[in-house]
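Scroll down for the structure; my scribbles are underneath it.
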Amino acid sequence: MLNVVALVSGGGTNLQAIIDAIANGTITNTKISAVISNNYGVYALERAANAGIDAKVVSPKDYENRATFNDALLETINSYNPDLIVLAGFLVVIPEKMIEQYENKIINIHPSLIPSFCGTGYYGLKVHEAALERGVKITGATVHYVDKGTDTGPIIMQKAVEVKEGDTPKILQQRVMEEAEWKILPAAINMIANK
Ligand code: GAR
């Protein structure tokens, strides 16, 4: 059984897609033992609680500096002894120590076709703003392993999504989530759980 810890920062629709996929058998051989957020009061925490999953907050606001926050985050993750850490909309720079300890055991979902619109500064809605600004006709989402760079790790899965006339960043974000993110993140976890 693949023991997953999910890290979140916001609404948690990708987390919900994983919870639902486990419940309906799209993902097998997997349990989520904890959901950890860097932000208090986000809806992802409620989604975890509703599914009976341990929900914790490790917020930088509660620590003196980045190093002590990073240590607390890693300690909390370690307490669940995960086989896989899933960054499901986790908008925090991953500490180097964590990447070293969990080499090839951290995956991330990014809302573009890497290597387009990725790297430092490209997260959330900003990714879709940049795609629309550039005028691409196809965008999508990528699931990749996390290494020491920003969005540079080995690609596991990608799915393309059409950009349509009149799209706003929000409309495009929603389409990329529905057509790509909520599908490939569960699919990648299921692949890892059953390989
Ligand atoms: C998702 O679109 C995810 O791809 C993106 O944040 C959003 C979180 O939504 N992640 C990144 O931009 C990572 N660089 P959610 O909380 O509803 O899952």
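The values are calculated or read from the model by the stated rules, or taken from the named source; none is laboratory data. The model shown is predicted, which means the values in this text are computed figures rather than measured ones. Cβ placement follows ideal geometry from the backbone for every residue including glycine, while neighbour counts extend to all protein chains displayed. The accessibility values were calculated without ligands, DNA or RNA, using every heavy atom of the protein model including side chains. Shrake-Rupley method; radii C 1.70, N 1.55, O 1.52, S 1.80 Å.
Ligands, DNA and RNA are left out, and with a 1.4 angstrom probe the accessible area of the chain is 49 Å² per residue.
All C-alpha to C-alpha distances of region 1-80, sorted into 5 Å bins beginning at zero, yield P(r) values of 3, 16, 25, 23, 17, 9, 4, 2, 0 percent in whole numbers. Computed over the chain, relative contact order equals 22 percent, with contacts defined as Cα pairs under 8 Å that lie 6+ residues apart. Placing +1 on each Lys and Arg Cβ and -1 on each Asp and Glu Cβ, with no other charges, gives region 1-66 a dipole about its Cα centre of roughly 80 debye. Taking the charge dipole of region 155-195 about its Cα centre, with +1 at Lys and Arg Cβ atoms and -1 at Asp and Glu Cβ atoms, the residue from 192, 174, 161 reaching farthest to the positive side is 192.
Scanning residues 5 or more positions from residue 140 or on other chains, those with amide H under 5 Å from its amide H are 113, 161, with H placed 1.01 Å from N in the peptide plane.
Helix-only mean residue ellipticity at 222 nm, the chain, DSSP H runs n ≥ 4 weighted -39,500 (n - 2.57), per residue, nearest 500. What is it?
Rounded to the nearest 500, the figure is -10000 deg cm²/dmol.
The fraction of accessible area contributed by carbon and sulfur in the chain is 49 percent, rounded to a whole number (1.4 Å probe; ligands and nucleic acids excluded). Its residue count N fixes a reference of 2.2 N^0.38 Å for the chain, and the Cα radius of gyration divided by that reference is 0.98. Measuring spread by the Cα atoms of region 124-195 yields a radius of gyration and Dmax of 13.3, 42 Å. With one equal scatterer per alpha carbon and no solvent term, the Debye-computed log10 I(q)/I(0) for region 30-73 at 0.18, 0.25, 0.27 1/Å reads -0.55, -0.83, -0.89.
For residue 123, the accessible area of its heavy atoms, probed at 1.4 Å with every protein chain present, is near 110 square angstrom. Computed from point charges on the beta carbon alone (+1 for Lys and Arg, -1 for Asp and Glu), the dipole magnitude for the chain about its Cα centre is near 260 Debye. Could you give each residue of region 136-150 its phi-based ³J(HN,Hα) in whole Hz, using Karplus coefficients 6.51, -1.76, 1.60 with θ = phi - 60°, and x for Gly or Pro? So the J values, rounded to whole Hz, are 5, 9, 10, 10, x, 9, 9, 9, 9, 6, 9, 10, 6, x, 9. The Rg/Rh ratio of region 58-144, with both radii computed over alpha carbons and Rh defined as the Kirkwood radius, is 1.04.
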